[in-house]
Structure formats: structure tokens, C-alpha cells
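Okay, so here's the structure we're looking at.
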Amino acid sequence: MIKNPIMTTRELANYIKLNEKTIIRMAQNGKIPGVKVGSQWRFHLAAIDRYLQNDLIESPNDDLDLIIRTKEDVLPLSRLADLKFIEINSPAKTSEQVLIELCKIAYAGGLTSKDNNLLKELKQRERMLSTAVGNAVALPHPRHPSPQLFKEPKIIILRSKTGVDFNAFDKKLVNLFFMPCSSNEFVHIRLLAKISKLLHISGVTKQIINAETKEQIMRLLLEFDRKYLFPGKEPQV
């Protein structure tokens, strides 16, 4: 993890895996947040991470479709979730308790081993910048997905009826936590894209918050697959 909160163009290029010319062009066009000091660009780590996090969440549906629809990625959202990976009555009162509970669900479901530092990775990510994206939703995840953290791609859904202070930028409590579980960056981005597309649907967040059973949430995910991921055909389940 980069400790310096202010990065040079080269440091940022290494951080987000782009070349320096691309970074400069994006900064000049206002596509990434940066400040020019003399002839040099400087970038604040927190601002960059917020940009990276919110960019995907706020992407237009057409852009999300381009990310989701690949030959290598055909799993519906309803199959990436599972009743054993959904908790609708979380007793968590703090952000740390949320992360601990997510790790317990992952371990109980066989997604991760008990001593793989998942909790440590989740805490480090939250210290860098809250994964709360507003509208009562957060997407806790490790900064660098790896086979050491997760054994297969899944999505864990945790719900708190009362809400948890997760340091959201809109200052609201968070009720829904989606944790994408993947062993590499390629799959991680596609899991985030699927979650983002789900959250674009008007009223879906409220429906999940108000669902009375896990089965109701699974039905919402299946309906999403039928309408948006696999229109015109039955999704693989």
C-alpha cells in the first residue's frame, strides 16, 4: 500500500497500471483529479481512490455492458450469490464488526481459509478510503484480489436493518454490503460491474433492504438476470 498521500505522475502510473503519458492526458482533460504545481502534476491518494471506486459505480449502463459481456464471463448474478452467502439480519454495530462478519460468511461458505489475512486486507482498504458508495450501500473488498484470498468468484450480501456508520461520503448509514470475492483483477472488475448495474435499477436498493427473506433477495437477482444480463433467454443457474 502506498503510504504517501501525494503521488507524482510516475507513482500514480504504477499505482493504477497506466503509462505516464496516459495519466498526464487524463489529468489535462479533467478525467482524473490532480493539481499542477509548476510543470509537474501531483495527485492526492484519497481523491484518486474515490475516483476509481465511484467511476465504475457511476458508469453508464452501456459501458457496464461492455465490461460484463465477455465470452469468459457468463455466470449470472443469481449464481454468483447463494443463500449461504446472504445475511439479512446482521447484528453488526460498527464497520469493523461488518468486516468480521463478512469474513465469517466467506469462511463458513468455503470461499476462503481462516488464516489468509482477508480481514487484515479489508481493514487496510477501508483505512485508505471507505468503500461506501452512497445511497446506503458499501462494497467492501481487498485492494488486490488473489487466489490466496478467495477460492472462487462469489458475491456476499450482508444487510443491516438499522444501518452502520461506514464513513460514507453522503454521511448516511449503510444498510447493504456487497463483497465481491474473486481471485484476480479481471473477475473482480466484472463482479463490481454486475453489482453496479443492479444498483442502477430504480428502487432495487430499497427492495433488498425491505426484503423479508433471503429467498426474496435471490428472486430479485434472478429477475435482474432475466431482464438485464440475459434478456430473451433463461440464465444459467
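Only the coordinates and a few stated rules stand behind these numbers; no lab work does. Everything numeric in this text was worked out from a predicted model, so none of it was measured. Every residue, glycine as well, gets a Cβ built from its backbone with ideal geometry; the counts of neighbours run over all protein chains shown.
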Open item on the list: Can you give me the convex hull volume of the Cα atoms of region 59-229, divided per residue and expressed in Å³?
Closed with: 107 Å³
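Taking neighbour counts of Cβ atoms within 10 Å as a proxy for exposure, in what order, fewest first, do 224, 166 appear?
Fewest-to-most Cβ neighbours within 10 Å comes out as 224, 166.
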Open item on the list: Given R₀ = 30 Å, what would the calculated FRET efficiency be for residue 170 paired with residue 39, taking r from the Cβ atoms and rounding to 0.05?
Closed with: 0.25
Open item on the list: Let's test the formula: R0 of 45 Å, r as the Cβ-Cβ distance of residue 117 and residue 205. What FRET efficiency results, to the nearest 0.05?
Closed with: 0.90
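Between residue 14 and residue 28, what is 0.36 nm times their sequence separation minus the Cα-Cα distance? Round to one decimal in nm. Write out the running numbers ahead of the final one.
Details: separation 14, 0.36 × 14 = 5.04 nm, distance 1.85 nm.
Answer, rounded to one decimal: 3.2 nm.
If we count other beta carbons within 10 Å of each Cβ, what is the order of 218, 128, fewest first?
Exposure proxy ranking, most exposed first: 128, 218.
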Open item on the list: For region 6-54, place one equal point scatterer on every Cα, skip the solvent, and apply the Debye formula. What is log10 of I(q)/I(0) at q = 0.16, 0.26, 0.30 Å⁻¹?
Closed with: -0.35, -1.00, -1.35
Task: Positive-end residue of 203, 168, 178, charge dipole of region 120-237 with Cβ unit charges - done: 168
Open item on the list: Quick check: net charge around residue 108, other residues with Cβ under 14 Å of its Cβ, Lys/Arg +1 and Asp/Glu -1?
Closed with: +2
Open item on the list: Greater than 19 Å separation of Cα atoms is the criterion. Which listed pairs, 114/161; 84/151; 84/114, meet it?
Closed with: 114/161
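Where both residues lie in region 59-229, what percent of DSSP beta bridges are antiparallel, nearest 5?
Values: 10 of 14 bridges.
So the antiparallel bridges amount to about 70 percent of the total.
Only four residue types carry charge here, +1 at the Cβ of Lys and Arg and -1 at the Cβ of Asp and Glu. Report the dipole size of region 6-54 about the Cα centre in Debye, rounded to the nearest 20.
Details: 8 positive and 3 negative charges, 28 e Å.
My answer is approximately 140 debye.
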Task: Amide H partners (placed H, <5 Å) of residue 132, local residues excluded - done: 139
TODO: Please go through region 84-168 and write out the trypsin sites (Lys or Arg not before Pro) that DSSP classes as loop and that have at most 14 other C-beta atoms within 10 Å.
DONE: 93, 114, 143
